[in-house]
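Notes for the one structure printed next.
Rule-based calculations on the coordinates, nothing more; no lab input. Note that the structure is predicted; figures quoted are calculated from it, not measured. Because the Cβ atoms are built from the backbone with ideal geometry, glycine has one as well, and the counts that use them run over all protein chains shown.
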Amino acid sequence: MQKNIVIIGAGITGCSLAHFLANTGWDVTLLESQDDIASGGSGNPVAAIYPKFMLNDKAYNDFMLKSFMFTTAWIDKLGLNKDDYRFDGAIEILEEAYSHKLEINFSSGSVDQEKILISIDKPILKKYLMNQDLSGLLFHRGGWVNPIALCRHLVNHSNIKVLTNQKIISIEKLNNEWTLKTKNQKIFKSDHVAICNAAYLHQFDLTQHLHTDAFRGQINWVNSTPFQMPSIVICDEGYVAPLMQNKHIFGATYGMNDFNKDLRLSDTKKNIASIKKIHREFHNYCLAQKTISGRVSWRASTKDRKPYVGRVFNNELFKKMRVRELAQTDQLPWLDNLYVASGFGSRGFTFAPYCTFVLANLINKKLSKDDKGTLNYTNPERYRLKKMSLKKAASRIFKV
């Protein structure tokens, strides 16, 4: 097997996949349409990493927990500068009844709950300088990472070639080889291709059916404050990160398919309002500032909150196949050596490292039972199959 691959998109998804493949002997060409890696949603000054669980959705919560546990342990072992990440806790503020229901939901699993989370109480609130009338959960291994530092660390490998300002406009199979053409008519050829370009996944003919919504997010920050601030990530309607690079970052707004690139005063006000419960003194301090810096970026999200990770169908063959044939998972018309990883939403830095590790195992043909279960869950073709009343086939791509 020829071990060369072109990866489109150099955010956390593309950089993580490049890292895993390069470490298993692949020659990786990583193409980025912007001037530098981590220029989109992966270019914020900080990414909060903690599990966001849902009521009554065990499959999603299992996927979330696997991703969270994998990612925090993995980043710990990478050798990042200690100033670029920290996993010493994260708090999610929740209504007391909702928090209690989540705990009950979680306690029915096979994982030791006490190792993952506990309800916050007055001593915890006092320790982290928070308002004393709040409820929620403390995630022991939650924390944050510097996204740009992480992405740069991941692609610092002799097997990875990073090329910026390469906007791919077409992908097609010619003479049993993938041929990619850029806006400037440059040609790249490779035996394998992975599309990791977030909300732009649908721009290619091969993947135009994979719908994602682009969520505009604005974050803001102020310089270090004259008073003491919480030392861990605190999340409510918004979040506040501890001091890093002399900044306290807070946010973020969510605007679906809103493509305005400019900082908005109205969004800054929303972000300030969202942190009122977290820390009233910081909230009032932000209100008093004449100017507040910020950044706008976009996150790609699917309708069911599950990312697209895996392979896609040959559209021509798919159109010709009957429902009965498609129900047989071993007859599904997959495109050879073309992969996608997209739609991670606001949890990109929690989901993407785990999912690209699994995708790398698929590419290397070394899937574990857990890997197969994950790829069944993230099957990019689930919507097309479900529309044909093939829900079971959509979630049983691999026999577990």
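Each peptide in 364-376, 65-77, 190-202 gets a packing score, the mean of other Cβ atoms within 10 Å over its residues, and the list from highest to lowest is 190-202, 65-77, 364-376.
Rounded to two decimal places and with Rh computed the Kirkwood way over Cα pairs, what is Rg over Rh for the chain?
Numbers: Rg = 21.6 Å, Rh = 22.1 Å.
So for the chain, dividing Rg by the Kirkwood Rh gives 0.98.
Here is how the number arises for the chain: DSSP H runs of 4 or more residues each give -39500 (n - 2.57), the sum is divided by the residue count, and the result at 222 nm is -9000 deg cm²/dmol.
Structure shown: which of 101/269; 101/303; 66/269; 52/261; 3/303 lie over 30 Å apart, alpha-carbon to alpha-carbon? Let's see the in-between values first.
Details: 101/269 32 Å; 101/303 25 Å; 66/269 35 Å; 52/261 28 Å; 3/303 34 Å.
Long pairs (Cα-Cα over 30 Å): 101/269; 66/269; 3/303.
The lysines whose alpha-carbon is closer than 17 Å to the alpha-carbon of residue 276, local same-chain residues fewer than 8 away aside, are 126. Rounded to the nearest 20 debye, the dipole size of the range 246-400 about its Cα centre is 440 debye, using +1 on the Cβ of Lys and Arg and -1 on the Cβ of Asp and Glu.
Here the simple spin-label model places points 7 Å from the Cα toward Cβ, and for residue 127 and residue 100 these points are separated by 2.3 nm.
Legend: translational diffusion of the range 254-339 by Stokes-Einstein, Rh = Kirkwood radius over C-alpha pairs, 4 °C, 1.567 mPa s; D = 73 µm²/s.
So if each residue of separation counts as 0.36 nm, and I subtract the Cα-Cα distance between residue 264 and residue 295, what length gain in nm does that give?
10.2 nm
For a label point 7 Å from the Cα of residue 317 along Cα→C-beta, name the residues of the range 336-379 whose backbone N is under 11 Å from it. Inside the label zone: 336-337.
The stretch between residue 228 and residue 208 holds 2.3 nm of extra length on full extension. This uses 0.36 nm per residue minus the Cα-Cα distance. If you take all other residues with their beta carbon under 11 Å from the beta carbon of residue 362, and give Lys and Arg +1 and Asp and Glu -1, the sum is +3.
Just so you know, the Cα atoms of the range 243-389 work out to an Rg and Dmax of 21.5, 65 Å. Listed by chain and number, the aspartates and glutamates placed with their C-alpha closer than 12 angstrom to that of residue 391 are 381; residues fewer than eight positions away on the same chain are left out. In plain terms, the C-alpha convex hull of the range 1-113 casts an average shadow of 10.0 nm² when viewed from every direction. On a 0 to 90° scale, report how tilted helix 265-274 is relative to the longest principal axis of the chain, with both axes built from alpha carbons and the result rounded to the nearest 10. It is inclined by approximately 70 degrees.
Charges only on Cβ, +1 for Lys and Arg, -1 for Asp and Glu: so what's the dipole of the range 52-157 about the Cα centre, in debye to the nearest 20? Mind showing how you got there, number by number?
Working: 13 positive and 14 negative charges, 69 e Å.
The calculated dipole for the range 52-157 is roughly 340 debye.
Comparing 390, 46, 363 along the charge dipole axis of the chain, the residue lying farthest to the positive side is 390, per the Cβ-charge model.
List the pairs from 247/290; 167/366; 115/399; 189/399; 115/306 whose alpha-carbon separation is above 27 Å, in the order I gave them. Kindly include the intermediate steps, with their values, before the conclusion.
Values: 247/290 16 Å; 167/366 32 Å; 115/399 31 Å; 189/399 33 Å; 115/306 25 Å.
With Cα atoms farther than 27 Å apart: 167/366; 115/399; 189/399.
Projecting the Cα atoms of 100, 260, 142 onto the charge dipole of the chain (Cβ charges, centred on the Cα centre) puts 260 farthest toward the positive pole.
Nearest 5 is fine: what % of DSSP beta bridges in the chain come out antiparallel, could you say?
Working: 49 of 68 bridges.
About 70 percent, rounded to the nearest 5.
Simple point charges give the picture: +1 on the Cβ of Lys and Arg, -1 on the Cβ of Asp and Glu, and for the chain a dipole about the Cα centre of about 800 debye.
In nm², what is the average projected area of the convex hull enclosing the Cα atoms of the range 129-221?
Numbers: hull surface 44.0 nm².
The directionally averaged projection comes out at 11.0 nm².
Stretched out straight at 0.36 nm per residue, the stretch from residue 69 to residue 386 would grow longer than its current Cα-Cα span by 111.1 nm. Under 20 Å from a point placed 7 Å out from the Cα of residue 175 along the Cα-to-Cβ direction: which residues of the range 1-30 have their backbone N that close? Zone members listed by number: 1-6. Cut-off 18 Å, label point 7 angstrom out along Cα-to-Cβ of residue 4: give me the residues of the range 153-183 whose amide nitrogen falls inside. Correct set: 158-164, 171-182. Distant-in-sequence amide contacts of residue 293, defined by a placed amide H-H separation under 5 Å and a gap of 5 or more residues or a different chain, comprise 221.
Would you kindly calculate the translational diffusion coefficient of the range 190-250, applying Stokes-Einstein with the Kirkwood radius from alpha carbon pairs, for 20 °C and a viscosity of 1.002 mPa s, and quote it in µm² s⁻¹ without decimals? Kindly include the intermediate steps, with their values, before the conclusion.
Numbers: Rh = 15.1 Å.
Value of D from the Cα-based Kirkwood radius: 141 µm²/s.
The range 346-392 and the range 25-44 have Cα centres lying 22 Å from one another.
Cross-link reach is defined here as a Cα-Cα straight distance under 18 Å, omitting same-chain residues fewer than 8 places apart; for residue 122 the lysines meeting it are 277.
Think of the range 44-198 as having a plus end and a minus end, set by charges on the Cβ of Lys, Arg, Asp and Glu; of 118, 187, 55, 187 sits farthest toward the positive end of this dipole.
Among the trypsin sites (Lys or Arg not before Pro) in the range 306-348, which ones are in a DSSP loop with at most 14 other Cβ atoms within 10 Å of the Cβ? Mind listing them?
Numbers: sites: 311, 319, 320, 322, 324, 347; in loops: 322.
Loop-located and lightly packed - 322.
Using the alpha-carbon atoms, what tilt in degrees (0 to 90, nearest 10) does helix 96-107 show relative to the longest principal axis of the chain? Roughly 50 degrees, rounded to the nearest 10.
Ranked by the mean number of other Cβ atoms within 10 Å per residue, highest first, peptides 15-22, 137-144, 205-212 order as 15-22, 137-144, 205-212.
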